[in-house]
Amino acid sequence: MEQHQSIHVFGDFDCDGVSGTAILVEALKSTGAKLTYSIPHRADDGHGIGLEAVQHAYQAGVHLGLSVDTGTTCLQASREAKRLGFDLIITDHHLPGKVLPDALALLNPARQDCGFADGVLCGTGVALFLLMATWKVLADREQRPAYDLKQLLDRVAMATVADVMLLRGVNRILVHFGLKQLRTSPSVGMTALLDVAKVNRSRISVETIAFYLAPRINAAGRMAHGEDAMALLCTSDGQQGQRLASVLDTMNIERRKVEADTYKHACEKLNIQDKHQPLAVFDEAWHAGVVGLVAGRLARQYERPAAVGFQEGSGLIRVSLRGASGFHIGDLLQSCAEYLLGFGGHAGAGGGTVKEGAWLDFVGHFQKVIQEQQNNRITPTRKLVDGVLSLRACHHGLASRLQRFEPVGQGNPGCLWVLQGVSIVDVKKLKSTVCRIQLSDGHQYLQAVLFRGGSLLDDLQQGVCVSLLGQLKLDDFRGGDAVQFVIEDVVLGDS
Ligand SMILES: [Mn+2]
């Protein structure tokens, strides 16, 4: 920055990757730095710092590159950068392989020799810490930029939740303040995104990000190009923000439809009734942007790993894998290496390209490894509920004490309570998937709410006696001392 060198940011197309690119570009630009960036295309380029992207940047006269959410395993690109005399600063959070890239710097809390106190950051979180360190160096030289990095926290929180990072330690702090910013003073792009998703500002939570914001950002990389999402996340123009947000919204509607159709088609192609059937399937017509989502749905539904692929024009099959508790996708791919041209992954997810003509061998081996993992699997003991509450105990004092555990989510689950044998006094449907329910035990009354109800809606009829599983929350929407029970599951009767 002191030498006024141009900087090229190498991003990624998922929510963490585009958010990280956006915060680097927005903050560094504010200091007058000359910046360009590139986001790879999911199907054409895939993840990682592309060799061509390095060459393009170099030919354009840029000699310094900064990656975000990617780069740790990009050995080829780092070699090329070195050869050209292009300085590469890698910021990432993915697990390193046996060999580290030869770069000017590799900033990654997953490095074994990394001294960072808390290894839970997502890629955007790592980028934020690089910016904070840069701001500190500049402050020490009495050149602290006027730009306040706190403005970036709405996007840092979104990326952290979208990447399903543990909400512990530093992440919990980042998400707490990021949610606060989303409620009170979101950036121009996030404001447009909240508006298009019709989010109630007073109710912004981890779920808002997971179900409303991140899917719309991810839709760009899935259905078209991540650049549309990137442009939204660092715009300062309200009208452009609205236009881009509605483009993403349309893409997300399309994504939902394509995903649902593909899931249905995948279930038809698999002999799903057969309990031992491998959950591995591909089709020429399937879309690169949804195969991972479909694999995730299959894995959740049948509680074992699933592989869903599409056939490229060249005849090669690209598969996305998703895991289930007790299985390890990274290890699974490693054991299937002889049938794959390239692959990568971690415990929960991964992907690779199957060698020509090797699909059946791959599936056979895939199934064998799953069997082995299943036999050796240590099923994690999961506490189902934290306790049983009477309606009298569901008061403001308890709900506000529970609120101190927020933000809750991955690695920091909210307290789950049981309300035993309560009657449903009243049911009001608010939207197609939301309903508000009045509960009573004959003495006390309590408001409950059911989001994304699905089949549970059928069980919740007026006059019925039920036992409910859910969380006790303050109802900021109604204000004052109001509390509500957020229903997660229903058992008919009082047992
Ligand atoms: Mn990431």
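With crowded, with 23+ Cβ neighbours inside 10 Å and more than 15 Å from Leu233 (Cβ to Cβ) as the only criterion, which of Val199, Val175 stands out? Val175 is the lone residue from the list that is crowded, with 23+ Cβ neighbours inside 10 Å and more than 15 Å from Leu233 (Cβ to Cβ). Consider segment 33-54 and keep the residues that are within 16 Å of the ligand (Cβ to nearest atom) and in contact (Cβ under 8 Å) with a residue 12 or more places away in the chain. The one that is surrounded by the most Cβ atoms within 10 Å (Cβ to Cβ) is Ile49. When Leu166 is tested against (1) away from the ligand (no atom under 16 Å from the Cβ); (2) touching a residue at least 40 places away in the same chain (Cβ under 8 Å), exactly one condition is not met: (1). The residues of segment 338-359 that are assigned to a helix (DSSP H, G or I) and more than 21 Å from Ala299 (Cβ to Cβ) amount to a single one, Glu338. Only residues that are of a type in the set (Gly, Ala, Ser) and under 22 Å from Phe451 (Cα atoms) were counted in segment 171-206, giving 3. Taking the conditions exactly as written (over 27 Å from Leu244 (Cβ atoms) and touching a Lys or Arg at 6+ places or on another chain (Cβ under 8 Å)), does Leu138 satisfy them or not? Judged against the criteria, Leu138 is a match. Residue under question is Ala57, and the condition is that it be surrounded by fewer than 18 Cβ atoms within 10 Å (Cβ to Cβ), away from the ligand (no atom under 16 Å from the Cβ), closer than 26 Å to Glu2 by Cβ and not aromatic (Phe, Trp, Tyr); does it hold? Taking the combined requirement at face value, the residue does not satisfy it. It is to be established whether one or more residues within segment 122-133 are away from the ligand (no atom under 16 Å from the Cβ) and touching a helix residue (DSSP H, G or I) at 6+ places or on another chain (Cβ under 8 Å). Checking segment 122-133: at least one residue is away from the ligand (no atom under 16 Å from the Cβ) and touching a helix residue (DSSP H, G or I) at 6+ places or on another chain (Cβ under 8 Å).
Within segment 82-98, being surrounded by fewer than 23 Cβ atoms within 10 Å (Cβ to Cβ) and either within 16 Å of the ligand (Cβ to nearest atom) or at pLDDT below 95 (or both) holds for His94, Leu95, Pro96, Gly97, Lys98. Among the residues of segment 300-315, those that are outside any strand (DSSP E or B) and surrounded by 15 or more Cβ atoms within 10 Å (Cβ to Cβ) comprise Tyr302, Arg304, Pro305. The set of residues in segment 127-152 that are under 27 Å from Val188 (Cα atoms) and either of a type in the set (Lys, Arg) or crowded, with 24+ Cβ neighbours inside 10 Å (or both) comprises Ala127, Leu128, Lys136, Arg144, Lys150, Leu152.
Of the residues examined, Asp87 is one that is touching a strand residue (DSSP E or B) at 6+ places or on another chain (Cβ under 9 Å) and farther than 23 Å from Thr235 by Cβ. Scanning segment 428-446 turns up no residue that is aromatic (Phe, Trp, Tyr) and within 25 Å of Ala157 (Cα to Cα). A single entry from Arg304, Arg401 fulfils the requirement of being assigned by TED's automatic domain parsing to the domain that holds Asp475 and charged (D, E, K, R): Arg401.
Candidates Leu332, Leu270, Leu279: the one that is surrounded by fewer than 21 Cβ atoms within 10 Å (Cβ to Cβ) and either more than 24 Å from His93 (Cα to Cα) or touching a residue at least 12 places away in the same chain (Cβ under 8 Å) (or both) is Leu270. Evaluating Glu2 against the criteria (1) charged (D, E, K, R); (2) over 22 Å from the mean Cα position of the chain (by Cα); (3) within 16 Å of the ligand (Cβ to nearest atom) leaves one unmet condition, (3). Against the test of being touching a residue at least 40 places away in the same chain (Cβ under 8 Å) and not in a loop (DSSP other than H, G, I, E, B), the options Gly241, Gly289 yield a single qualifying residue, Gly241.
Checking each residue in segment 209-227 for being crowded, with 21+ Cβ neighbours inside 10 Å and modelled with pLDDT under 95 picks out no residue at all. Residues of segment 383-400 that are in a helix (DSSP H, G or I) and surrounded by 13 or more Cβ atoms within 10 Å (Cβ to Cβ): Leu391, Ala393, His396, Leu398, Ala399, Ser400. Is it true that some residue in segment 99-109 is among the hydrophobic types (A, V, I, L, M, F, W, C), within 15 Å of the ligand (Cβ to nearest atom) and more than 20 Å from Glu2 (Cβ to Cβ)? So far as segment 99-109 goes, no, none of its residues is among the hydrophobic types (A, V, I, L, M, F, W, C), within 15 Å of the ligand (Cβ to nearest atom) and more than 20 Å from Glu2 (Cβ to Cβ).
Restricted to segment 12-32, and to residues that are aliphatic (A, V, I, L, M) and in contact with a strand residue (DSSP E or B) (Cβ under 6 Å, 6 or more places away or on another chain), which residue is nearest to the ligand (Cβ to nearest atom)? Taking the candidates together, the pick is Leu24.
The values are calculated or read from the model by the stated rules, or taken from the named source; none is laboratory data. Here the structure is a predicted model, which means the values were calculated and not measured. Ideal geometry is used to build each Cβ from the backbone, glycine not excepted, and the neighbour counts take in all protein chains shown.
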